[in-house]
Each structure stands twice: as C-alpha cells, then as structure tokens.
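Structure first, then comments.
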Protein chains: 2
Amino acid sequence: MADEVKLHGFWPSPFSHRVIWALKIKGVDYDYIEEDLPHNKSELLLKYNPVYKKIPVLVHGGKPIAESLIILEYIEDTWPQNPLLPTDPYEKALARFWIKFAETMVTSFRAIIRSTDEEEREKGAKEVVERLKTLEEKALGDKKFFGGDAINMVDITYGLVGYWFKNVEIVMGVKLLDSNTLPRLYEWAENFMKVPVIQENLPDRDKLVAYIRIVRERGSQQNPSN
Amino acid sequence: MADEVKLHGFWPSPFSHRVIWALKIKGVDYDYIEEDLPHNKSELLLKYNPVYKKIPVLVHGGKPIAESLIILEYIEDTWPQNPLLPTDPYEKALARFWIKFAETMVTSFRAIIRSTDEEEREKGAKEVVERLKTLEEKALGDKKFFGGDAINMVDITYGLVGYWFKNVEIVMGVKLLDSNTLPRLYEWAENFMKVPVIQENLPDRDKLVAYIRIVRERGSQQNPSN
C-alpha cells in the first residue's frame, strides 16, 4: 500500500503517454485510472491537482504529483534503473533544455486543431514546423534517437509528435511532419514508434482520428463567432 | 580555463538574479558579462543561445547553458554543496512544481508593465494576485521560506517578486504584493531580501525604478495604436 502507484490519465493525451512510457521503461507496476474529460473530472483528480485540475497525476504511496515533466523527473529520481537522463550534468542540462522547448509548441499546436480561423491555423502550423526544424537541426542531428542509440526523456517528451501529427494531417489536411522537409525527424518518429515498449502503448489510431474530429468540432463551438 | 565560469546577464533581470544568487550560495567564482539589451546583444550571446537569443546564459568550461531554471538545475548538479533542492524525491518534485508555476505569471506580469491599455493591465494584475494567493496558501503556508528555515531553489525562483513588485507599484500605481491580502507572502519577501547573500546582490532601487519607467515607455511605443 505504501508504495502503491496510480496514474490518473486520459487515453489520447500525449501528456499521459509520457508517464505511461516512463513507468513501463522503469518496470514499475501501476494502476491506471481513466478520467472522463473534459466535463466529468473525478473528485480525486480535483483533490490531487487543485492548481491546474489536469491530468496526468501520479499518486505514489498516497502522495500526488502533477505535471507530466515534473512526474518524469520524479520517476527518474525514484526508480533509477534504465536511466532516462544522462548522468553528466552538462548533457543532462541539454536534455532538459530540449524537454522544456516542447512547451513552446503547445499553444501553436492547439491553434491548429482548435481554431476555425484558416489564418490562425496556418500561423500555428508554420510556427510548429519552424520549431520542429530547430529541434531536428540542433537537438537530433544525425542521431537515431535524442538519447543516442536508445530513447531517453527527450524522446519520451516528443514521443507522440509523429503519431498525433499523422492523424492531425488526416483530419485537418495540414502537413506538419513532412518526410521531405524534416527527413531526420520523420525517421526519428518512425523509429520511435517501432520501439516495443512504445508500440505496445500507443492509443488506437482509429479512435484517435475520431477524437481529433471531436476536438476540432468542440473548438469551433468555443469560437462561435468565427 | 577548463572550469572557468562566465555569466551573460542583464542587471535588472529577475532571471539573471536567479543565477547570480545560486552561484553566490554555492560559492562559485565567475566572470559576469553585462549584455546591452534589448538592441545590442553580443555576438557571443547569439552564438551561445541561438534558440532564444536571451539572457541569462551560463558558460562553464566553454560550454553554454541557457534558460534560468535549466541553469539552476545544472548548478545544483555540478556543485552539490549548500543544496538548493530537497534530497527526498517527493519533496523535490513539489519544489519543482512550484518553480514551474512561476512561469504562469510571466505573461500576466509583462501585460502589467508593458500594456498601455488600462483593462489589460488590470486583468494582468488580477491574474498575478490570484496566482500569488495560490502560492501563499499551497506552497508557502506557515513556513518562513519555501525551503523551510533556509532559502532553496523555490525562494530563488520567486526571489525578485517582492523587490520588483514594490518598484512596479511605485511606477504604475498598481498593488500586487499587498501586506493586507497576502500577509505571509509579503513577510516572506521582506525576510528573503534580508538574507545577506540576497541583500548584497540586488539591483539598485533607483536605477530599477528608472528602468521600469523606460520599459513602460517602450511598451507604449510598441503599441502605438493604443
């Protein structure tokens, strides 16, 4: 009981998946609690994450931790096997720099799937592609994974990029991770999704496409004037 | 040479000060390079931080690290003396949660000092005060410092809050850290600025007031239509 691990998540969420993959890589057993988002959050979720009221929340021995990137660091500190960060402080700082960089893409990405304004969507797509280029050039380089030969916390942070983007392309007709303009990052995404622990823990593709359609529809309801 | 530490900063910046205080607490000698912002960044700064082109940048043995919160973690990993984070993984996760929370205030704070629109400024101020209330209630509680009896990385992260806010109040006439509505956080700010290593490394008050006036003026030039 004292060491019981529980994860409050939401099946299509890239943020939930970061935590799921990290726990699987570490070989940590956990109970998964699916939250009914966005309108029916559990009392426990509201109690565990009163500041943001968002998934994912990891609960370890009754103590809650919120925010996917904070949870990843906690997992690394608590279960050191199969390390997700380099041990060298400088390499670790670089990894954290690129992990943090992921946050600069979130707003632009939300504009792509939620906005009904064509111009806003295009602006969002342009920003995302620019940042992916920076990521490819400066962080990935010629490596197979951000972590080198094996995946690390940077790979996990960007993990659902390829998968989500492919499905956003299907629904929205907007090209984000293009094999011509971003060949190395495209290949990284392919390689990442072939890693067994990742492949075995991806959301179902058809369900995800249906979900992205719903989010898009919901987004346009939120902006009725557009 | 191999261990030489250099810091590219900007004298009024709260982000520079996070790094300065951490280095002082650790007892690390460094050379300080003042950047001429916003229009005359050094070639070195652009080379060291090509992604954001922003200060602070710490250069250790020729290797650059950008982003103040990433630099603080690097300093903690590299110079373990006088620890800035708890060793217990759960306490460490909580500290990191509140450090990250600081970022939710930056946009609102910028609106206060840069916007010439009264409504936008008031909205920014309301958001900042709400977040400070959350911080006081959930993170500080009845402790003297966020770190308990001594300051830690959370204190350093919010360190210039009291100092900047006081001076913003002078220039803008907007009340942010009010001793009536936020008594514990107000006292924390007073106590924090009395810690010798902090007190000895604060920007000059008159210079800061003059600087905030300039930023305000510059902000209104950027929004000539308002």
Note: A:86-96 gets an average of partner chain Cβ contacts (10 Å, Cβ to Cβ) equal to 5
Kirkwood radius from Cα pairs of chain A plugged into Stokes-Einstein at 25 °C, 0.890 mPa s, gives D in µm²/s equal to 133 µm²/s
Classified through the alpha carbon gyration tensor (a ≥ b ≥ c as square roots of its eigenvalues; rounded if a/c is under 1.5, else prolate when a/b is larger than b/c, else oblate), the range A:1-131 comes out oblate
Listed by chain and number, the residues whose amide H is under 5 Å from that of B:VAL57, excluding neighbours fewer than 5 places away on the same chain and using placed H, are B:HIS8
Semi-axes of the range A:5-78 from the Cα gyration tensor (sqrt of 5 times each eigenvalue, largest first, whole Å) come to 19, 13, 11
Per its Cα gyration tensor (rounded if a/c is under 1.5, else prolate when a/b beats b/c, else oblate), the protein assembly as shown is best filed as rounded
Taking the label point 7 Å from Cα along the Cα-Cβ vector, the copy-to-copy distances for B:GLU119, listed from shortest in nm with one decimal, are 2.0
Among trypsin sites (Lys or Arg not before Pro) in the range B:131-226, those in a DSSP loop whose Cβ has at most 16 other Cβ atoms within 10 Å are B:LYS143, B:LYS144, B:LYS175
Here the tail fraction of P(r) beyond 20 Å, over all Cα-Cα pairs of the range A:89-218, rounds in percent to 45 percent
Summed over the other residues with a beta carbon less than 14 angstrom from that of B:GLY159, with K and R at +1 and D and E at -1, the charge totals +1
Surpassing 20 Å at the alpha-carbon level, of the pairs A:LYS26/A:LYS53; B:LYS92/B:LYS194; A:LYS143/A:LYS194; B:LYS144/B:LYS207; A:LYS53/B:LYS166; A:LYS133/B:LYS41, are A:LYS26/A:LYS53; B:LYS92/B:LYS194; B:LYS144/B:LYS207; A:LYS53/B:LYS166; A:LYS133/B:LYS41
Computed for the range B:5-78: size of charge dipole around the Cα centre, +1 on C-beta of each Lys and Arg, -1 on C-beta of each Asp and Glu, debye to nearest 20, value 100 debye
With +1 on the Cβ of every Lys and Arg and -1 on the Cβ of every Asp and Glu, the dipole magnitude of the protein assembly as shown about its Cα centre, in debye rounded to the nearest 20, is 600 debye
Reported to the nearest 10 Å², A:ASP3 has, with a 1.4 Å probe, an accessible area equal to 120 Å²
With the 1.4 Å probe rolled over protein heavy atoms, chain A has an accessible area per residue in Å² of 48 Å²
Here, B:THR134 and B:GLU169, labelled 7 Å along Cα→Cβ, have an inter-label distance in nm of 2.3 nm
Sorting from shortest, the nanometre distances separating the label point of B:LEU37 (7 Å past Cα along the line to Cβ) from those of the same residue in the other copies are 3.3
Taking Lys and Arg as +1 and Asp and Glu as -1, residues besides B:ASN40 with C-beta under 13 Å from its C-beta add up to -2
The percentage of the accessible area of the range B:58-106 (probe 1.4 Å, all protein chains present) made up of carbon and sulfur atoms, to the nearest whole number, is 56 percent
Quick calc, the range B:1-146, dipole around Cα centre from Cβ unit charges on Lys, Arg (+) and Asp, Glu (-), nearest 20 debye, gives 120 debye
Ignoring ligands and nucleic acids, A:ASP88 exposes an accessible area, probe 1.4 Å, in Å² to the nearest 10, of 70 Å²
On protein heavy atoms with a 1.4 Å probe, the accessible surface that disappears when A meets B, both sides summed and given to 100 Å², is 2500 Å²
If labels are modelled 7 Å from Cα along the Cβ direction, A:TRP11 lies from its partners in the other copies at nm distances, smallest first, of 6.0
The summed charge of the A:HIS60 Cβ neighbourhood (under 10 Å; Lys/Arg +1, Asp/Glu -1) stands at 0
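The values are calculated or read from the model by the stated rules, or taken from the named source; none is laboratory data. None of the values given here were measured: they were computed from a predicted structure. Methodologically, a virtual Cβ is constructed for each residue, glycine included, from the backbone with ideal geometry; neighbour enumeration extends over all protein chains shown. For the accessible areas, the whole protein counts, side chains as well, though only heavy atoms, and no ligand, DNA or RNA atoms are used. Shrake-Rupley method; radii C 1.70, N 1.55, O 1.52, S 1.80 Å.
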